[in-house]
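Structure first, then comments.
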Amino acid sequence: MDKKLTVKVPAHVAIIMDGNGRWAKKRGLPRTMGHRKGVESVREAVRAAGDVGISYLTLFAFSSENWTRPESEVNDLMGLLKAFIRRDLAELHGDNVRIRIIGARDNLRGDILPLLLEAEETTRNNTGLTLVIAFNYGSRDEIARAARKLALKVQSGVIRAEDIDAVALDRELDTFGIPDPDLLIRTSGEERLSNFLLWQSAYTELLFVPEFWPDFSRDTFYAALASYAGRERRFGNVSDIAAVSG
Ligand code: IPE
Ligand code: IPE
Ligand code: MG
């Protein structure tokens, strides 16, 4: 591996895995085949992230808006998530991967929630890569739920309204304890966030790549990391050069 890459590996990479449907369409296949192939890219991305020493990998698997898709596609996606956890949990656990799920849990089907809880519970003490699965996730919903939790705390006298600041709100998000993403990659050429990590990506480096998610490979991933390594992050401050030259 290139040296520059190893010295500046992002701690947290988030990925909007997009383009499964178009990948299938291009081949005259049903959309579900794209989702199936996409699961292989998930496995590849998890291994690639672990190998290069990334601490957190967040994958957008199903958005709160994806429920509006045709019922058959929603069912396929639910089936694939269940199959993924059933088939891959033991191996992920063996690889010391810790799983965290973000997203709303209250409207989940009865056969999904126990699996998600099992994945988190089984791997909770693992110390390797943290794999964050954004499932039934929407940023606006997450922020609204956090605001509601703060309001309840004010109502019951645990905190005062004037105690609410960005740190207090951040603590109520599903991502509590997870550092903000350093790099966010979206595949398929679309250049939008689609309600993903809006709060957390305030200073995240964004990268849009043309490959459809089923074509996402270790090489695509490492090329993205190399692009990240060449960027200068300023967080509202001045660059090093400007600081030195005054
Ligand atoms: C991403 O691929 C997978 C999910 C959103 C669950 P899409 O299904 O959005 O594929 P396109 O964007 O229609 O090609
Ligand atoms: C974002 O992709 C959601 C996931 C990747 C799970 P979409 O395909 O749902 O986003 P839009 O509709 O193109 O914005
Ligand atoms: Mg899409």
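For (1) away from ligand 3 (no atom under 16 Å from the Cβ); (2) surrounded by 14 or more Cβ atoms within 10 Å (Cβ to Cβ); (3) at pLDDT 95 or above; (4) within 25 Å of residue 65 (Cβ to Cβ), each residue gets a yes or a no:
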| residue | (1), (2), (3), (4) |
| --- | --- |
| 188 | no, yes, yes, yes |
| 197 | yes, yes, yes, yes |
| 205 | yes, yes, yes, yes |
| 211 | no, yes, yes, yes |
| 215 | no, yes, yes, yes |
| 222 | yes, yes, yes, no |
| 228 | yes, yes, yes, no |
| 241 | yes, no, no, no |
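Which numbered condition in (1) within 27 Å of residue 207 (Cα to Cα); (2) surrounded by fewer than 19 Cβ atoms within 10 Å (Cβ to Cβ); (3) of a type in the set (Asp, Glu) is the only one that residue 163 fails?
Looking at each condition in turn, residue 163 falls short on (1).
Restricting to helices (runs of 4 or more DSSP H) lying wholly in region 1-113: which have 2 or more residues that are away from ligand 2 (no atom under 16 Å from the Cβ) and out of contact with any helix residue (DSSP H, G or I) (no Cβ under 7 Å at 6 or more places or on another chain)?
Result: 3-7, 31-52, 71-94.
From (1) crowded, with 16+ Cβ neighbours inside 10 Å; (2) touching a residue at least 12 places away in the same chain (Cβ under 8 Å), pick out the condition that doesn't hold for residue 11.
(1)
Mind counting the residues in region 42-99 that are among the basic types (Lys, Arg) and within 17 Å of the chain's Cα centre (by Cα)?
Going through region 42-99 one residue at a time, the tally reaches 3.
Within region 33-45, is there a residue that is more than 16 Å from ligand 3 (Cβ to nearest atom) and among the aliphatic types (A, V, I, L, M)?
Checked region 33-45: at least one residue is more than 16 Å from ligand 3 (Cβ to nearest atom) and among the aliphatic types (A, V, I, L, M).
Could you please find all residues in region 25-39 being near ligand 1 (Cβ under 8 Å from one of its atoms) and either touching a Ser or Thr at 6+ places or on another chain (Cβ under 9 Å) or among the small types (Gly, Ala, Ser) (or both)?
34, 38
Please go through (1) touching a Leu at 6+ places or on another chain (Cβ under 6 Å); (2) within 14 Å of ligand 1 (Cβ to nearest atom) for residue 77 and return the number of the only condition it doesn't satisfy.
Single failed check for residue 77: (1).
With the condition kept exactly as written, say whether any residue in region 15-34 is among the small types (Gly, Ala, Ser), under 19 Å from the mean Cα position of the chain (by Cα) and farther than 24 Å from residue 195 by Cβ.
no
Look at region 174-209 and say how many of its residues are within 16 Å of ligand 1 (Cβ to nearest atom) and not polar (S, T, N, Q).
12
Filter region 177-231 down to the residues that are more than 12 Å from ligand 2 (Cβ to nearest atom), in a loop (DSSP other than H, G, I, E, B) and of a type in the set (Asp, Glu), then identify the one that is farthest from residue 135 (Cα to Cα).
211
The values are calculated or read from the model by the stated rules, or taken from the named source; none is laboratory data. Treat the numbers as computed from the prediction; the structure is a model and nothing was measured. Cβ sites come from the backbone with ideal geometry, for glycine too, and all protein chains shown count toward neighbours.
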